[in-house]
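First comes the structure, then the notes that go with it.
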Amino acid sequence: MINILIVDSHPIVRTGLELFLTNKPDLKVIGSLGSGIEIFEFVRRHKVDVIISEIDLPELNGITALRAIKKENKSVQVLMFSHQPEEIYAISTIKAGASGYLNKGASMEEIETAIRRISNGETSLSEKMDKHFRYEDTRKSRSRMFKKLSTREVEVLKLLSIGRKNKEIAQELDINEKTVSTYKARLFKKLNVTNIVDLIHQAKHHNLT
């Protein structure tokens, strides 16, 4: 039996996944949460094999939660299931410890396959992403732009783009303000900008946020 925890801020998404997965005899949804901060206590109290999680979560974003979960529970496999572009965020989440990534445009069958693959210790990506990793795109693309950024830089960029201040970012990511400033400086350099307005504009232009 594969014990599954679903984490998404939208009740309809959680309900839809649960209704589909509970029809499978060897898959069991043991929990459904609406925010990232709730995951830790739940995992401490229950045996969870697979977590299906969105990136954009209230209180604590999915990438930050993922990193912390994997630090405490290496045996828990995490499938990121997000509306964010997979050609950008799949790389970041895999680096942060996820075992798989699917865009919310995926079919139910793809979700089931991904759950089974990661529960067996494999990495699961969509066919599109597999091709993306096999064949290098020679054109200037958002995926190439993204490869310049580290996982932590992506987290900082995402928080900056929604208006977070350095102090707030430092608190959310559990790092000091000086480190946030360092990441911001790196982002300016890598995205070739000199101010926060242009940084956010460039990020949106390349669909990085």
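Give me the accessible area of E168, 1.4 Å probe, in Å² rounded to the nearest 10.
Probe radius 1.4 Å; accessible area of E168 about 90 Å².
Which entry in (i) -0.43, -0.83, -0.95, -1.17; (ii) -0.39, -0.81, -0.95, -1.29; (iii) -0.50, -0.92, -1.03, -1.22 matches log10 I(q)/I(0) by the Debye sum over Cα atoms at q = 0.10, 0.14, 0.15, 0.17 Å⁻¹ derived from the coordinates of this structure?
Matching entry in (i) -0.43, -0.83, -0.95, -1.17; (ii) -0.39, -0.81, -0.95, -1.29; (iii) -0.50, -0.92, -1.03, -1.22: (i).
Please return the longest range in the chain lying between exposed loop sites, taking trypsin sites (Lys or Arg not before Pro), DSSP loop only, at most 13 other beta-carbon atoms within 10 Å, and leaving the sites out.
By the stated rule (loop sites, at most 13 other Cβ atoms within 10 Å), 75-138.
Taking only Cα atoms and a 10 Å spring cutoff, compute GNM fluctuations for the chain and point out the largest among N73, N103, N23.
N23
Just the number please: accessible area per residue for the chain, 1.4 Å probe, all protein chains included, in Å².
51
Excluding residues on the same chain fewer than 8 positions from K28, give the lysines whose Cα lies under 30 Å from its Cα.
Cα-Cα hits under 30 Å: K47, K70, K71, K74, K95, K104, K128.
Could you check how much of the accessible area of the chain is carbon and sulfur, as a whole percent, using a 1.4 Å probe? Write out the running numbers ahead of the final one.
Details: 5310 of 10660 Å².
Accessible surface attributable to carbon and sulfur in the chain totals 50 percent.
The values are calculated or read from the model by the stated rules, or taken from the named source; none is laboratory data. Keep in mind it's a predicted model, so treat the numbers as computed, not measured. Cβ: placed from backbone, ideal geometry, glycine included. Neighbour counts: every protein chain shown. Heavy atoms of the whole protein, side chains included, go into the accessibility calculation; ligands, DNA and RNA do not. Shrake-Rupley method; radii C 1.70, N 1.55, O 1.52, S 1.80 Å.
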